[in-house]
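Remarks on the structure that follows.
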């Protein structure tokens, strides 16, 4: 158990017994007079100078959020003012969201961090006001004249500290923007705030190090090419032990039809590697002509949590590598924020990609017209298409030892609309699938609590609090339906939910969607399948020669 | 203070009008101030709209609240994740006309355990809708004073609005509903600890101001009746740029000054959500970014770490791992 969070029973008691706005108690102090307090568990470590230098970000230095002196540049206020002005002129969403909020409060109890902490500044409206109060004071006449009465306040170092705390206590999940009558999206404000804070060297290591590593090695996990390949090889060895199927994934292969890109966590860590096994089995099953790149070995993009420039820089590798390898189109693995970038930013930032073709499923002949500009298809769309055309031999009973519920990841549901595809697949590959409560799924899904680069050990208190709403819903599914496996289509989820389930809902394991697909696939020439991909016993072992019978 | 200051401001405005009328400042109250206020409104409103319109939308960022249109056999939700302009129009129409997003609103309850439960909460939607629609209908009814001949819809609205016929002159439903709406919106700001905590003076002021406008208008209609014909003559004079000072009941000048204050204040306040909602990129863009390339006018040139740079750095390791090299 982490030293950065209390024991589950203690935190449960703290949440249950809180007196906060969440429970209808008014805080002692006005928010403008409540400074941010940094305690172990409620802040992320500052970014190391190497990470900033690796990305060319300014004001690299050693500093500690828990200390009083943050060693800000002397002209910090000027830098932030200029940076804000520039962004107000470049981004309509930012300008608009500074000006039109009526503080109706519809968003207030929609944020998982507010539900887990009761901290008023975690109400999305309040989080935005942290920035708006400065906007009014710096850029509006009324704010300058009326001061606090006009909703403005002085720009002090305390504000910088508060921004750091609360814009890294937002996972850019966009749940609030679903409920806002004007679609005000706190993620946009958080993104701008993080960009602004980079101007004065205020940032966190857990976002910048992976981003910097990804730039250098091609993936967030800092796996150099040989290490990436050996990670895949070791997955394949396990996979052969379990299924009897030998797979050698083609690496950096020129002229392949499809370039497959997935989060690097799928190549390395548990439980993501089980999802990787699922992908590899699927590709083998259908005889796909594909390749995996070591250079573009990261689907995720921590640039999204850094700045639009870093996002573009990291994303640029996908098309660059697709062109070099001469593939026809790109297939993307299960990942939430990766798909926000691929779906909503990639073609704008790095397109067009005339060297690619409109994606066509070589097995079913389906032309994926919905991706005719980006030429990149989501694996759930691809697999759903295969199943719909009866191209997969599936035995869902191989997942009968599991009772599955499904977590929509924030970005694929609210930043893409990929909602039914994974459910269609689940219904074909498992027999026991039940939903969590209606207000916690689909477009109303709750963040895992650790998204947007906050999945770090020293932040455990806030992560477990932020993960509480999702965990409460999962616990409901466990109690009501007996669910014991939370499937997700997001690499951050697979790691973050594993931690929060262990903490809040012991007995609830976490998997990827394609792990379950992999379990269910009847492979030609497989051996007796008596264990699943994570080597747990099946309820009813199925005989390998089944495939031979069909031949 | 957040409550007191706007209250004082509204009373001060009303007192100013009463004092002005008593002092015979009819030209100032009836002509100068309305013109100045209207000019501020027009200028401010256009300035704000222009400011938003000229600011680029760098990225296509709709918040999808339903199924995307992707595979042909999975039905996309055109109103919640529109794939086309028509769908966007539908989505915006629902948002603007019937407050779609507020209709979704839920209330989260922290239960013992701890646990969380959610219940539908349509009160804000209902009172918001009552307020805004009443305001619109009342505004349209005022065309009786603005235009000659009176537009056809005014008679229709009046008939519909006065359906109850419980008083003389006919009581308008919208008069009651706007007061109900405002009172409820005000009450939740004061009663709910959450709302009280987040509310600014700028949230109370418009409610109080519009409330006072409604009350002064109703006062003129039901209590201290004013010479309607003269009001119309006065307004017509303003509209045709032949303004004249008229001696009309003081209530009228209170009403007019408060309306002028609202008009002048409008563009520089949160009330601009009226124009802003149409510009919101999370609502007014189609979820089609994999089909059509969205153009960012300031898309910067960013140097990426190319494959060649990468291979140069890792050549030996790649070679020994059997990874094909471009250099070979």
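Where a number appears in this text, it was derived from the coordinates with a stated rule and is not lab data. Computed from a prediction, not measured in an experiment: that's the story for all the values here. When we count neighbours, we look across all protein chains shown, and the Cβ atoms used for this are built from the backbone with ideal geometry, even at glycine.
Relative to the longest principal axis of the Cα atoms of chain A, the long axis of helix A:420-429 makes an angle of roughly 40 degrees. Computed from the Cβ-Cβ distance with R0 of 45 Å, the FRET efficiency linking residue B:244 to residue A:33 stands at 0.25. Take every Cα pair under 8 Å whose residues are at least 6 apart in sequence, average their separation, divide by the length of chain A, and the relative contact order is 16 percent. Within the listed set B:104, B:91, B:283, the residue fluctuating most in the Gaussian network model of chain B (springs between alpha-carbon atoms under 10 angstrom) is B:104.
Largest first and in whole Å, the equivalent-ellipsoid semi-axes of segment A:171-224 read 29, 15, 7, each the square root of five times a Cα gyration tensor eigenvalue. What separates the Cα centres of segment B:171-242 and segment A:385-460 is a distance of 50 Å. Computed over segment A:211-537, the P(r) curve from all C-alpha pair distances, binned at 10 Å from the origin, holds 6, 28, 38, 23, 5, 0 percent per bin. Pair-distance distribution of segment B:2-85: all C-alpha pairs, bin width 5 Å, starting at 0; shares per bin in whole percent are 3, 11, 9, 10, 10, 10, 8, 8, 8, 8, 7, 5, 3, 1, 0. For the pair segment A:58-95 and segment A:1-49, the centres of their Cα atoms are 25 angstrom apart.
With the contact rule set at Cα under 8 Å and sequence spacing of 6 or more, what percent relative contact order holds for chain B? Walk me through the numbers before you get to the answer.
Numbers: 356 pairs, mean separation 102.5, N = 328.
After rounding, I find 31 percent.
Mind jotting down the distance between the C-alpha centroids of segment B:20-86 and segment B:279-300, whole Å? Their Cα centres are 18 Å away from one another. Sorting A:495, B:96 from the fewest to the most surrounding beta carbons within 10 angstrom yields B:96, A:495. Residue exposure proxy: B:106, B:282, A:23, B:240, ordered by other Cβ atoms within 10 angstrom of their Cβ from fewest to most, comes out as B:240, A:23, B:106, B:282. Under the simplified labelling scheme, the residue A:457-residue B:306 pair shows an inter-label distance of 4.0 nm, with each label point 7 Å from Cα along Cα→Cβ.
When you look at the Cβ of every residue in A:139-151, what mean number of other chain Cβ atoms sits within 10 Å?
Working: counts 0, 1, 1, 4, 0, 0, 0, 3, 0, 4, 7, 4, 7.
Going residue by residue through A:139-151 and averaging, the value is 2.
Suppose R0 equals 60 Å. What FRET efficiency, 1/(1 + (r/R0)^6) with r the Cβ-Cβ distance, do residue B:7 and residue A:237 give to the nearest 0.05?
Details: r = 75 Å, r/R0 = 1.25.
Result of the calculation: an efficiency of 0.20.
Start at zero, step by 20 Å, and the Cα-Cα distances of the protein assembly as shown spread as 14, 44, 29, 11, 2, 0 percent across the bins.
Put simply, the convex hull of the Cα atoms in segment B:65-134 casts, on average, a shadow of 6.7 nm². Value of Rg to Rh for segment A:289-346, rounded to two decimals, is 0.95; Kirkwood radius and Rg both from alpha-carbon coordinates. Under 1.5 on a/c is rounded, so check that first for segment A:8-203, then, if it is not, pick prolate when a/b is larger than b/c and oblate when it is not; a ≥ b ≥ c are the square roots of the alpha carbon gyration tensor eigenvalues. In terms of gyration-tensor shape, oblate.
How much of the pair distance distribution for segment B:96-150 lies past 19 Å, counting alpha-carbon pairs only, in percent?
Numbers: 785 of 1485 pairs.
Roughly 53 percent, rounded to a whole number.
Take each residue of peptide A:348-355, count the partner chain Cβ atoms within 10 Å of its Cβ, and average: the result is 3.
With a cut-off of 19 Å, note down the residues of segment B:210-248 whose backbone N falls inside the zone around a label point 7 Å from the Cα of residue B:15 toward its beta carbon. Backbone N within reach: B:210, B:212-213, B:216. Entry note, chain A: the mean residue ellipticity at 222 nm calculated from DSSP H runs of n ≥ 4, each adding -39500 (n - 2.57), is -13500 deg cm²/dmol after division by the residues and rounding to the nearest 500.
Of A:145, B:257, how do they rank once you tally other Cβ atoms within 10 Å and put the fewest first? Walk me through the numbers on the way to the answer.
Values: A:145 10, B:257 26.
With the fewest neighbours first, A:145, B:257 line up as A:145, B:257.
Using equal-weight Cα scatterers in the Debye expression, the normalised intensity of segment A:90-190 in log10 at q = 0.10, 0.15, 0.23, 0.24 Å⁻¹ is -0.25, -0.58, -1.29, -1.36. Report the Rg/Rh value for segment A:414-551, based on alpha-carbon coordinates and the Kirkwood definition of Rh. Expressed as Rg/Rh, it is 1.02. The value given for chain B is a Kirkwood hydrodynamic radius of 24.4 Å, derived from the mean inverse Cα-Cα separation.
Can you give the Rg to Rh ratio for segment B:124-259, taking only C-alpha atoms and Rh from Kirkwood?
Working: Rg = 16.6 Å, Rh = 16.3 Å.
Reported Rg/Rh, Kirkwood definition of Rh: 1.01.
Stokes-Einstein D for segment A:341-433 at 10 °C, 1.306 mPa s, Kirkwood Rh over Cα pairs, in µm²/s? Walk me through the numbers before you get to the answer.
Values: Rh = 14.9 Å.
The diffusion coefficient I find is 107 µm²/s.
Relative contact order for segment A:8-203: 26 percent, from Cα pairs under 8 Å spaced at least 6 residues apart, divided by residue count.
How big is the convex hull of the Cα atoms of segment A:132-262, per residue, in Å³?
Values: hull volume 27.0 nm³, N = 131.
Given the Cα convex hull of segment A:132-262, per-residue volume reads 206 Å³.
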